[in-house]
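Below: the structure, in structure tokens.
The values are calculated or read from the model by the stated rules, or taken from the named source; none is laboratory data. Please read these numbers as outputs of a predicted model, since none were measured by experiment. Virtual Cβ from ideal backbone geometry, glycine too; neighbours counted across all protein chains shown.
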Amino acid sequence: MGDPHPKLEAHAVTRTFGRGTKAVHALGPVDLKIAPGEFTCVVGPSGCGKSTLLRIAAGLLRPSRGELTIRTAAQRPAAMIFQDYGIYDWKTVQANVRFGLDIQKVPRREANTRATDWLTRMGLADFADAYPAALSGGMRQRVAIARALAVEPEILLMDEPFAALDAQLRTILQDELLALTQTTRTTTLFITHSLEEAIVLGDRVLVMSARPGRIIAERRPPFPRPRSGEIRTTPEFTALKSELWDLLRGEVGTEAAA
């Protein structure tokens with residue numbers, strides 16, 4: 001990496017579920033360093049432990065062995081976004097975005113100001129008083145992103161946040177997230193099945209093996225920042241996508257044979 005003080009660092013992290021003969025070795029060992037401000041994408045076959053790694057980073061799971069460290073002075077340094085939105089149906093859009101700030105006991109006036117700012121940035125200002133049931137899937141995911149970024153996290157953890165969306169909407173939100181994270185430079189760990197998504201968004205793309213997931217390759221998309229979604233039309237994009245698929249094809253075959 002070249003950075004002596006990574007924001008996130010994993011040493012020989014493994015995770016096993018169950019015990020004895022029924023134990024499933026789901027992940028690892030994984031060694032990983034993410035520099036401050038870096039957007040790291042992880043791709044791999046289904047069931048390889050990508051989400052398990054993210055949940056360990058979020059503090060929702062403990063590793064069976066190894067250690068994962070986040071260097072921070074904040075009490076709650078990370079915010080997590082799931083593919084199922086994770087917003088509350090009984091709260092208004094404004095209250096959903098403000099939720100993390102309320103937990104942090106940010107004064108209500110300041111919390112409302114920050115929530116309104118993020119709703120404006122996400123194109124949701126006109127829906128502040130609406131409830132999630134009135135929103136489309138893409139709008140719900142915008143609410144989830146606004147809620148996560150409103151708390152100004154040091155690390156953003158994203159678990160396939162656009163997987164449930166149609167292809168056109170997914171592309172739009174990829175481009176919106178690209179523009180946002182290039183502005184905030186929030187350290188991000190992003191899990192995805194989409195090679196296109198990983199190349200568009202990532203400073204670095206890590207490829208995981210079939211279960212138990214290990215990091216078997218690393219590629220850095222050759223596109224300087226600031227970048228836009230127009231890189232999808234370049235020969236370099238097509239070549240990297242093909243190379244990543246060649247790496248993954250063998251792992252998907254291994255998974256299918258298991």
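Key figures
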item: Residue in the range 224-240 that is in contact (Cβ under 8 Å) with a residue 60 or more places away in the chain and crowded, with 18+ Cβ neighbours inside 10 Å present; result: no
item: Scan of the range 138-157 for residues that are under 24 Å from Pro107 (Cβ atoms) and not hydrophobic (A, V, I, L, M, F, W, C), ordered by number; result: Arg147, Glu152, Pro153, Glu154
item: Those residues of the range 63-85 which are within 14 Å of the chain's Cα centre (by Cα) and either in a loop (DSSP other than H, G, I, E, B) or of a type outside the set (A, V, I, L, M, F, W, C) (or both), in sequence order; result: Phe82, Gln83, Asp84, Tyr85
item: Top-ranked residue in the range 181-198 [being closer than 15 Å to Thr171 by Cβ and touching a Cys at 6+ places or on another chain (Cβ under 8 Å); ranked as surrounded by the most Cβ atoms within 10 Å (Cβ to Cβ)]; result: Ala198
item: Boolean, Arg98 is modelled with pLDDT under 90, within 18 Å of Glu152 (Cβ to Cβ) and within 21 Å of the chain's Cα centre (by Cα); result: no
item: Test for Thr171: is it assigned by TED's automatic domain parsing to the domain that holds Leu8, touching a residue at least 60 places away in the same chain (Cβ under 8 Å) and touching a Gly at 6+ places or on another chain (Cβ under 8 Å); result: no
item: Hits in the range 107-137 (condition: touching a residue at least 12 places away in the same chain (Cβ under 8 Å), more than 18 Å from Thr181 (Cα to Cα) and in contact with a Leu (Cβ under 7 Å, 6 or more places away or on another chain)); result: Ala111, Phe127, Ala128, Gly137
item: Selection count, the range 161-188, where residues are more than 26 Å from Pro235 (Cα to Cα), under 12 Å from the mean Cα position of the chain (by Cα) and of a type outside the set (S, T, N, Q); result: 1
item: Condition check for Gly37: under 20 Å from Thr186 (Cα atoms) and out of contact with any Pro (no Cβ under 7 Å at 6 or more places or on another chain); result: yes
item: The range 16-37 residues that are more than 30 Å from Asp203 (Cβ to Cβ), paired with ones that are small (Gly, Ala, Ser) (beta carbon under 6 Å, 6 or more apart); result: Thr16/Ala23; Thr16/Ser64; Phe17/Ala26; Val24/Gly18
item: Of residues in the range 64-85 being at pLDDT 90 or above and more than 16 Å from Lys33 (Cβ to Cβ), the one surrounded by the fewest Cβ atoms within 10 Å (Cβ to Cβ); result: Arg65
item: Positions within the range 46-62 being crowded, with 22+ Cβ neighbours inside 10 Å, part of a loop (DSSP other than H, G, I, E, B) and on the phi < 0 side of the Ramachandran plot, in sequence order; result: Cys48
item: Single residue of the range 208-220 satisfying the filter (in contact with a strand residue (DSSP E or B) (Cβ under 9 Å, 6 or more places away or on another chain) and crowded, with 22+ Cβ neighbours inside 10 Å) that is farthest from Glu251 (Cα to Cα); result: Gly213
item: Enumeration of residues in the range 86-103 that are surrounded by 15 or more Cβ atoms within 10 Å (Cβ to Cβ) and touching a residue at least 40 places away in the same chain (Cβ under 8 Å); result: Gly86, Ile87, Lys91, Val93, Asn96, Val97, Arg98, Phe99, Gly100, Leu101
item: Total residues in the range 1-44, condition modelled with pLDDT of 90 or more and part of a loop (DSSP other than H, G, I, E, B); result: 7
item: Residue within the range 176-195 that is acidic (Asp, Glu) and within 18 Å of Lys241 (Cα to Cα) present; result: no
